[in-house]
Amino acid sequence: MTFNPLRERGIPLDKQLRNWRELNVTPTDPDHADPYTRCRIITMNGIEVEAVMFSHHLARHCPDTELKQQLARVRYIEAQQQKAVNWLLPGLASVLETTIAYEQVAVDLTAWVARMEPDPYLQQAYQFGVLEDFDHLYRYANLYEMIEHRKAEKIVDQLTEVMPGRPTYLHHRDPVDNVREPYDRNSTAPISKLHALTIMSAEQQTMNFYMNVGPMYMEPIARQLYQEIGLVEEEHVTHYESLVDPGESWWEMLLNHEYNECYLYHSFMETESDPKVKNIWELHLNMELEHLRLAAELFKKHDGRDPEQVLAPELPAPVTFEPNKGYIRELIATQIDYTTLGTGYVQEAHERFEKMQEAIMGGEKAPSERIIDENRERSGREYRLQTEGEHPVHSLQMQR
Ligand SMILES: [Fe+2]
Ligand SMILES: [Fe+2]
Ligand SMILES: [Fe+2]
Ligand SMILES: [Fe+2]
(Lines give C-alpha, C1' and ligand atoms only; values in the text may rest on other atoms or scores of the structure.)
(Ligands and ions follow the chains in the order given, each with its own letter.)
Protein backbone atom coordinates (compact mmCIF):
# COMPACT_ATOMS: atom_id res chain seq x y z
CA MET A 1 0.00 0.00 0.00
CA THR A 2 2.24 2.79 -1.22
CA PHE A 3 0.96 6.33 -1.34
CA ASN A 4 2.98 9.03 -3.08
CA PRO A 5 1.22 12.37 -2.46
CA LEU A 6 3.08 13.93 -5.40
CA ARG A 7 1.29 11.55 -7.77
CA GLU A 8 -2.23 11.83 -6.29
CA ARG A 9 -4.90 14.27 -7.46
CA GLY A 10 -6.60 16.43 -4.85
CA ILE A 11 -9.49 18.90 -4.84
CA PRO A 12 -8.88 21.93 -7.13
CA LEU A 13 -8.15 25.05 -5.08
CA ASP A 14 -11.25 26.94 -6.30
CA LYS A 15 -13.43 24.08 -4.98
CA GLN A 16 -11.93 24.12 -1.47
CA LEU A 17 -13.79 27.05 0.08
CA ARG A 18 -16.41 26.03 2.67
CA ASN A 19 -19.53 28.01 3.60
CA TRP A 20 -20.70 28.56 7.20
CA ARG A 21 -22.79 25.43 7.21
CA GLU A 22 -19.91 23.26 6.03
CA LEU A 23 -17.51 24.84 8.52
CA ASN A 24 -19.90 24.22 11.39
CA VAL A 25 -18.50 20.78 12.27
CA THR A 26 -20.10 18.53 14.88
CA PRO A 27 -17.81 18.44 17.94
CA THR A 28 -16.77 15.10 19.42
CA ASP A 29 -18.77 13.68 22.33
CA PRO A 30 -17.13 15.00 25.53
CA ASP A 31 -17.97 11.85 27.54
CA HIS A 32 -17.36 9.03 25.09
CA ALA A 33 -14.66 10.22 22.70
CA ASP A 34 -11.38 8.31 22.42
CA PRO A 35 -8.68 10.40 24.18
CA TYR A 36 -6.42 9.77 21.21
CA THR A 37 -9.04 11.30 18.88
CA ARG A 38 -8.69 14.45 20.96
CA CYS A 39 -4.90 14.12 20.67
CA ARG A 40 -5.15 13.95 16.88
CA ILE A 41 -7.38 17.05 16.85
CA ILE A 42 -4.92 18.99 19.01
CA THR A 43 -2.01 17.87 16.82
CA MET A 44 -3.67 18.90 13.57
CA ASN A 45 -4.68 22.24 15.06
CA GLY A 46 -1.01 22.90 15.82
CA ILE A 47 -0.06 21.87 12.27
CA GLU A 48 -2.66 24.18 10.70
CA VAL A 49 -1.65 27.10 12.94
CA GLU A 50 1.93 26.59 11.74
CA ALA A 51 0.72 26.40 8.11
CA VAL A 52 -1.04 29.76 8.53
CA MET A 53 1.82 31.47 10.37
CA PHE A 54 4.53 30.10 8.07
CA SER A 55 2.62 31.37 5.03
CA HIS A 56 2.28 34.81 6.63
CA HIS A 57 6.02 34.96 7.26
CA LEU A 58 6.76 33.87 3.70
CA ALA A 59 4.35 36.52 2.36
CA ARG A 60 6.14 39.21 4.37
CA HIS A 61 9.36 38.33 2.55
CA CYS A 62 7.72 38.14 -0.86
CA PRO A 63 7.91 41.23 -3.11
CA ASP A 64 5.85 39.73 -5.97
CA THR A 65 2.14 40.68 -5.71
CA GLU A 66 0.91 37.77 -7.80
CA LEU A 67 2.80 35.30 -5.65
CA LYS A 68 1.47 36.95 -2.52
CA GLN A 69 -2.05 36.55 -3.91
CA GLN A 70 -1.55 32.84 -4.48
CA LEU A 71 -0.17 32.44 -0.95
CA ALA A 72 -3.20 34.33 0.39
CA ARG A 73 -5.62 32.01 -1.43
CA VAL A 74 -4.04 28.82 -0.06
CA ARG A 75 -3.61 30.38 3.38
CA TYR A 76 -7.31 31.22 3.60
CA ILE A 77 -8.05 27.52 3.10
CA GLU A 78 -5.48 26.61 5.78
CA ALA A 79 -7.28 29.04 8.09
CA GLN A 80 -10.60 27.33 7.34
CA GLN A 81 -9.01 23.95 8.01
CA GLN A 82 -7.72 25.22 11.35
CA LYS A 83 -11.26 26.29 12.26
CA ALA A 84 -12.82 22.99 11.18
CA VAL A 85 -10.22 20.99 13.13
CA ASN A 86 -10.04 22.94 16.37
CA TRP A 87 -13.83 23.34 16.48
CA LEU A 88 -14.10 19.54 16.74
CA LEU A 89 -13.25 20.06 20.42
CA PRO A 90 -16.42 20.24 22.49
CA GLY A 91 -16.84 23.49 24.42
CA LEU A 92 -17.33 21.73 27.75
CA ALA A 93 -13.69 21.22 28.70
CA SER A 94 -12.08 23.64 31.14
CA VAL A 95 -8.82 25.37 30.26
CA LEU A 96 -6.98 23.01 32.57
CA GLU A 97 -8.58 19.94 31.02
CA THR A 98 -7.47 21.09 27.58
CA THR A 99 -4.02 21.80 29.01
CA ILE A 100 -3.77 18.22 30.30
CA ALA A 101 -4.77 16.98 26.86
CA TYR A 102 -2.05 19.18 25.26
CA GLU A 103 0.58 17.60 27.51
CA GLN A 104 -0.73 14.13 26.71
CA VAL A 105 -0.17 14.97 23.04
CA ALA A 106 3.35 16.17 23.81
CA VAL A 107 4.09 12.92 25.66
CA ASP A 108 2.68 10.33 23.29
CA LEU A 109 3.48 12.12 20.02
CA THR A 110 7.08 12.94 20.99
CA ALA A 111 7.66 9.45 22.40
CA TRP A 112 6.39 7.88 19.17
CA VAL A 113 8.60 10.17 17.07
CA ALA A 114 11.60 9.37 19.29
CA ARG A 115 10.99 5.65 18.79
CA MET A 116 10.79 6.02 14.98
CA GLU A 117 13.57 8.61 14.44
CA PRO A 118 16.55 7.07 12.59
CA ASP A 119 19.12 9.82 13.36
CA PRO A 120 20.63 9.35 16.86
CA TYR A 121 21.25 13.09 17.48
CA LEU A 122 17.66 13.97 16.57
CA GLN A 123 16.35 11.00 18.53
CA GLN A 124 18.22 12.27 21.60
CA ALA A 125 16.51 15.67 21.21
CA TYR A 126 13.06 14.03 21.35
CA GLN A 127 14.01 11.73 24.23
CA PHE A 128 15.29 14.72 26.15
CA GLY A 129 12.15 16.80 25.54
CA VAL A 130 9.58 14.11 26.23
CA LEU A 131 10.73 13.67 29.83
CA GLU A 132 9.93 17.33 30.43
CA ASP A 133 6.42 17.39 28.99
CA PHE A 134 5.81 14.17 30.88
CA ASP A 135 6.58 16.07 34.08
CA HIS A 136 4.33 18.99 33.05
CA LEU A 137 1.44 16.56 32.80
CA TYR A 138 2.05 15.52 36.42
CA ARG A 139 2.23 19.15 37.68
CA TYR A 140 -0.96 20.19 35.87
CA ALA A 141 -2.75 17.03 37.03
CA ASN A 142 -2.05 18.06 40.63
CA LEU A 143 -3.27 21.59 39.97
CA TYR A 144 -6.40 20.07 38.41
CA GLU A 145 -7.11 17.94 41.46
CA MET A 146 -6.54 20.89 43.74
CA ILE A 147 -8.65 23.54 42.06
CA GLU A 148 -11.20 21.54 40.07
CA HIS A 149 -11.40 18.53 42.42
CA ARG A 150 -11.13 16.06 39.58
CA LYS A 151 -8.64 13.45 38.51
CA ALA A 152 -6.58 13.60 35.33
CA GLU A 153 -7.46 9.99 34.48
CA LYS A 154 -10.83 11.37 33.44
CA ILE A 155 -8.93 13.01 30.56
CA VAL A 156 -5.94 10.79 29.76
CA ASP A 157 -7.86 7.59 30.59
CA GLN A 158 -5.39 4.78 31.33
CA LEU A 159 -3.37 5.46 28.19
CA THR A 160 -0.67 7.74 29.61
CA GLU A 161 0.83 7.50 33.09
CA VAL A 162 0.98 10.55 35.37
CA MET A 163 4.02 10.73 37.64
CA PRO A 164 7.22 12.78 37.89
CA GLY A 165 9.56 13.01 34.89
CA ARG A 166 12.57 15.32 34.91
CA PRO A 167 11.37 17.81 37.57
CA THR A 168 10.06 20.99 35.96
CA TYR A 169 12.18 23.39 38.03
CA LEU A 170 15.26 21.84 36.40
CA HIS A 171 13.98 22.73 32.91
CA HIS A 172 14.99 26.38 33.28
CA ARG A 173 18.27 26.46 31.37
CA ASP A 174 20.27 29.37 30.02
CA PRO A 175 18.62 30.10 26.63
CA VAL A 176 21.98 29.58 24.91
CA ASP A 177 21.84 25.91 25.88
CA ASN A 178 18.46 25.41 24.22
CA VAL A 179 19.84 25.70 20.68
CA ARG A 180 20.60 22.36 18.98
CA GLU A 181 22.53 21.55 15.79
CA PRO A 182 20.33 21.28 12.68
CA TYR A 183 20.08 18.20 10.48
CA ASP A 184 21.71 18.48 7.04
CA ARG A 185 18.98 18.94 4.43
CA ASN A 186 21.04 17.13 1.78
CA SER A 187 21.82 13.97 3.69
CA THR A 188 19.10 13.52 6.32
CA ALA A 189 16.32 10.97 5.83
CA PRO A 190 13.05 12.57 4.60
CA ILE A 191 11.20 11.23 7.65
CA SER A 192 13.53 13.22 9.93
CA LYS A 193 12.42 16.50 8.33
CA LEU A 194 8.79 15.56 8.90
CA HIS A 195 9.37 14.61 12.54
CA ALA A 196 11.10 17.92 13.29
CA LEU A 197 8.33 19.95 11.67
CA THR A 198 5.59 18.03 13.49
CA ILE A 199 7.06 18.34 16.98
CA MET A 200 8.08 21.96 16.45
CA SER A 201 4.51 22.83 15.41
CA ALA A 202 2.93 20.97 18.33
CA GLU A 203 5.22 22.66 20.86
CA GLN A 204 4.65 26.05 19.28
CA GLN A 205 0.89 25.68 19.62
CA THR A 206 1.31 24.64 23.26
CA MET A 207 3.46 27.71 23.85
CA ASN A 208 0.85 29.95 22.20
CA PHE A 209 -1.95 28.32 24.16
CA TYR A 210 -0.30 28.88 27.56
CA MET A 211 0.57 32.46 26.58
CA ASN A 212 -3.13 33.13 26.11
CA VAL A 213 -4.93 31.01 28.69
CA GLY A 214 -2.47 31.27 31.62
CA PRO A 215 -4.04 34.44 33.08
CA MET A 216 -7.58 33.05 32.82
CA TYR A 217 -7.32 31.47 36.27
CA MET A 218 -7.74 33.53 39.43
CA GLU A 219 -5.87 31.20 41.82
CA PRO A 220 -2.33 32.58 42.27
CA ILE A 221 -0.72 29.11 42.10
CA ALA A 222 -2.45 28.38 38.78
CA ARG A 223 -1.33 31.70 37.29
CA GLN A 224 2.23 31.04 38.46
CA LEU A 225 2.35 27.46 37.18
CA TYR A 226 1.24 28.59 33.70
CA GLN A 227 3.95 31.24 33.66
CA GLU A 228 6.58 28.71 34.66
CA ILE A 229 5.58 25.97 32.22
CA GLY A 230 4.85 28.57 29.51
CA LEU A 231 8.49 29.60 29.71
CA VAL A 232 9.60 25.98 29.37
CA GLU A 233 7.52 25.71 26.20
CA GLU A 234 9.47 28.70 24.86
CA GLU A 235 12.60 26.63 25.50
CA HIS A 236 11.05 23.64 23.76
CA VAL A 237 10.21 25.63 20.64
CA THR A 238 13.80 26.90 20.55
CA HIS A 239 15.08 23.34 21.03
CA TYR A 240 12.98 21.76 18.27
CA GLU A 241 13.01 24.56 15.69
CA SER A 242 16.81 24.58 15.75
CA LEU A 243 16.79 20.99 14.48
CA VAL A 244 15.47 22.18 11.09
CA ASP A 245 18.20 23.06 8.57
CA PRO A 246 17.99 26.86 8.12
CA GLY A 247 19.68 26.43 4.73
CA GLU A 248 16.38 25.25 3.23
CA SER A 249 15.00 27.91 0.88
CA TRP A 250 11.56 29.37 1.59
CA TRP A 251 10.14 27.24 -1.25
CA GLU A 252 11.73 24.10 0.10
CA MET A 253 10.28 24.88 3.52
CA LEU A 254 6.85 25.44 2.00
CA LEU A 255 7.12 22.13 0.17
CA ASN A 256 8.05 20.32 3.40
CA HIS A 257 5.14 21.95 5.24
CA GLU A 258 2.57 20.85 2.66
CA TYR A 259 4.07 17.38 2.42
CA ASN A 260 3.93 17.03 6.19
CA GLU A 261 0.27 18.05 6.21
CA CYS A 262 -0.44 15.30 3.65
CA TYR A 263 1.52 12.82 5.75
CA LEU A 264 -0.32 13.60 8.98
CA TYR A 265 -3.84 13.73 7.53
CA HIS A 266 -3.15 10.44 5.78
CA SER A 267 -1.77 8.94 9.02
CA PHE A 268 -4.78 10.03 11.04
CA MET A 269 -7.25 8.94 8.38
CA GLU A 270 -5.70 5.46 8.60
CA THR A 271 -5.78 5.30 12.41
CA GLU A 272 -8.92 7.27 13.39
CA SER A 273 -11.62 5.48 15.40
CA ASP A 274 -14.34 8.16 15.11
CA PRO A 275 -15.95 7.96 11.63
CA LYS A 276 -17.06 11.62 11.58
CA VAL A 277 -13.60 12.85 12.46
CA LYS A 278 -12.08 10.45 9.96
CA ASN A 279 -14.16 12.12 7.23
CA ILE A 280 -12.55 15.46 8.10
CA TRP A 281 -9.06 13.95 7.91
CA GLU A 282 -9.88 12.50 4.50
CA LEU A 283 -11.35 15.75 3.18
CA HIS A 284 -8.36 17.74 4.40
CA LEU A 285 -5.92 15.23 2.90
CA ASN A 286 -7.58 15.80 -0.47
CA MET A 287 -7.16 19.56 -0.03
CA GLU A 288 -3.52 19.21 1.01
CA LEU A 289 -2.69 17.16 -2.10
CA GLU A 290 -3.53 20.25 -4.15
CA HIS A 291 -1.57 22.55 -1.80
CA LEU A 292 1.38 20.22 -2.26
CA ARG A 293 1.03 20.30 -6.05
CA LEU A 294 1.03 24.12 -5.99
CA ALA A 295 4.03 24.22 -3.63
CA ALA A 296 5.85 21.75 -5.89
CA GLU A 297 5.31 24.08 -8.85
CA LEU A 298 6.67 27.05 -6.93
CA PHE A 299 9.64 24.97 -5.84
CA LYS A 300 10.42 23.89 -9.44
CA LYS A 301 10.06 27.45 -10.71
CA HIS A 302 12.00 29.32 -8.02
CA ASP A 303 14.50 26.69 -6.85
CA GLY A 304 14.95 25.04 -10.24
CA ARG A 305 14.93 21.61 -8.61
CA ASP A 306 12.72 18.56 -8.74
CA PRO A 307 10.54 18.00 -5.61
CA GLU A 308 11.30 14.26 -5.75
CA GLN A 309 14.91 15.15 -4.90
CA VAL A 310 13.96 16.44 -1.45
CA LEU A 311 10.81 14.47 -0.55
CA ALA A 312 10.27 10.83 0.34
CA PRO A 313 9.31 8.59 -2.61
CA GLU A 314 6.25 7.44 -0.68
CA LEU A 315 4.60 8.24 2.65
CA PRO A 316 6.39 6.78 5.67
CA ALA A 317 4.51 4.53 8.13
CA PRO A 318 1.58 6.42 9.72
CA VAL A 319 2.10 8.54 12.83
CA THR A 320 0.23 6.60 15.53
CA PHE A 321 -1.12 7.59 18.93
CA GLU A 322 -0.61 4.65 21.24
CA PRO A 323 0.64 4.13 24.82
CA ASN A 324 4.39 4.56 25.30
CA LYS A 325 4.53 3.65 28.98
CA GLY A 326 7.42 1.18 28.90
CA TYR A 327 9.51 3.42 26.64
CA ILE A 328 9.01 6.45 28.88
CA ARG A 329 9.84 4.46 32.02
CA GLU A 330 13.08 3.36 30.38
CA LEU A 331 13.97 6.98 29.55
CA ILE A 332 13.16 8.06 33.10
CA ALA A 333 15.45 5.36 34.46
CA THR A 334 18.37 6.41 32.22
CA GLN A 335 18.05 10.11 31.26
CA ILE A 336 16.26 11.90 34.07
CA ASP A 337 19.37 13.81 35.20
CA TYR A 338 20.30 15.10 31.72
CA THR A 339 20.65 18.78 30.95
CA THR A 340 22.09 20.57 27.93
CA LEU A 341 25.46 22.28 27.49
CA GLY A 342 25.86 24.15 24.22
CA THR A 343 24.36 21.88 21.55
CA GLY A 344 25.06 18.68 23.49
CA TYR A 345 23.93 16.93 26.68
CA VAL A 346 25.58 16.41 30.06
CA GLN A 347 24.58 14.74 33.31
CA GLU A 348 25.86 17.32 35.75
CA ALA A 349 24.73 20.84 36.58
CA HIS A 350 27.29 23.20 34.99
CA GLU A 351 28.06 26.80 35.82
CA ARG A 352 25.78 28.45 33.27
CA PHE A 353 22.91 26.20 34.33
CA GLU A 354 23.42 26.99 38.03
CA LYS A 355 23.54 30.69 37.30
CA MET A 356 20.24 30.60 35.42
CA GLN A 357 18.64 28.53 38.19
CA GLU A 358 19.73 30.96 40.84
CA ALA A 359 18.56 33.99 38.86
CA ILE A 360 15.10 32.65 38.03
CA MET A 361 14.31 31.05 41.41
CA GLY A 362 15.18 34.18 43.40
CA GLY A 363 15.75 32.06 46.51
CA GLU A 364 12.25 30.53 46.43
CA LYS A 365 10.72 27.23 45.44
CA ALA A 366 9.36 27.09 41.87
CA PRO A 367 5.54 27.02 41.41
CA SER A 368 5.89 23.50 39.95
CA GLU A 369 7.26 22.30 43.32
CA ARG A 370 4.80 24.25 45.41
CA ILE A 371 1.80 22.82 43.58
CA ILE A 372 2.78 19.31 44.69
CA ASP A 373 3.33 20.41 48.31
CA GLU A 374 0.01 22.24 48.36
CA ASN A 375 -1.94 19.38 46.86
CA ARG A 376 -0.37 16.93 49.33
CA GLU A 377 -1.51 19.20 52.12
CA ARG A 378 -5.02 19.61 50.79
CA SER A 379 -5.74 16.13 49.40
CA GLY A 380 -3.64 14.14 51.87
CA ARG A 381 -1.39 12.89 49.05
CA GLU A 382 -0.21 14.04 45.66
CA TYR A 383 -1.95 12.92 42.46
CA ARG A 384 -0.39 10.17 40.34
CA LEU A 385 -1.58 7.61 37.85
CA GLN A 386 0.90 4.73 37.85
CA THR A 387 -0.64 1.85 35.95
CA GLU A 388 2.65 -0.07 35.61
CA GLY A 389 3.85 -0.12 39.21
CA GLU A 390 6.23 1.99 41.25
CA HIS A 391 8.20 4.90 39.84
CA PRO A 392 11.47 3.70 38.25
CA VAL A 393 13.58 6.22 40.21
CA HIS A 394 13.68 5.44 43.92
CA SER A 395 13.89 9.04 45.14
CA LEU A 396 10.79 9.92 43.08
CA GLN A 397 8.56 7.21 44.51
CA MET A 398 5.37 8.32 46.21
CA GLN A 399 5.92 9.78 49.70
CA ARG A 400 3.48 8.54 52.28
FE1 LIG B 1 -3.61 22.64 5.99
FE1 LIG C 1 4.81 20.82 28.26
FE1 LIG D 1 6.81 21.10 25.57
FE1 LIG E 1 -1.70 22.95 3.35
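The values are calculated or read from the model by the stated rules, or taken from the named source; none is laboratory data. On a predicted model such as this, the values are computed, not experimentally measured, just so you know. Cβ: placed from backbone, ideal geometry, glycine included. Neighbour counts: every protein chain shown. Keep in mind that these areas ignore ligands, DNA and RNA; they rest on the heavy atoms of the full protein, side chains included. Shrake-Rupley method; radii C 1.70, N 1.55, O 1.52, S 1.80 Å.
General remarks:
- For segment 44-79, a residue qualifies if it is open to solvent by 70 Å² or more (accessible area, probe 1.4 Å), in a helix (DSSP H, G or I) and either within 16 Å of ligand 2 (Cβ to nearest atom) or farther than 25 Å from Tyr263 by Cβ (or both), and the qualifying residues are Arg60, Thr65, Glu66, Lys68, Gln69.
- Residues of segment 85-142 satisfying the condition of being away from ligand 2 (no atom under 12 Å from the Cβ), among the β-branched types (Val, Ile, Thr) and within 14 Å of the chain's Cα centre (by Cα): Thr98, Val113
- Any chance Asn279 is at negative phi, open to solvent by less than 60 Å² (accessible area, probe 1.4 Å) and not β-branched (Val, Ile, Thr): no
- Filter pass, Ile147 being out of contact with any Ser or Thr (no Cβ under 6 Å at 6 or more places or on another chain) and either away from ligand 3 (no atom under 16 Å from the Cβ) or more than 25 Å from Thr26 (Cα to Cα) (or both): yes
- When residues of segment 208-237 are limited to those that are among the aliphatic types (A, V, I, L, M) and out of contact with any His (no Cβ under 8 Å at 6 or more places or on another chain), the one nearest to ligand 1 (Cβ to nearest atom): Val237
- Some residue of segment 25-37 being part of a helix (DSSP H, G or I), farther than 16 Å from Glu282 by Cβ, open to solvent by 20 Å² or more (accessible area, probe 1.4 Å) and more than 16 Å from ligand 2 (Cβ to nearest atom): no
- Helices (runs of 4 or more DSSP H) wholly inside segment 283-379 that include at least 2 residues being surrounded by 14 or more Cβ atoms within 10 Å (Cβ to Cβ), within 16 Å of ligand 2 (Cβ to nearest atom) and not charged (D, E, K, R): 325-335, 367-379
- Search result, residues across segment 218-266 that are more than 13 Å from ligand 2 (Cβ to nearest atom), closer than 30 Å to Ile371 by Cα and crowded, with 21+ Cβ neighbours inside 10 Å: Ala222
- Within segment 125-183, the residues that satisfy the criterion of being of a type in the set (A, V, I, L, M, F, W, C) and in a loop (DSSP other than H, G, I, E, B) are Ala152, Leu159, Met163, Val179.
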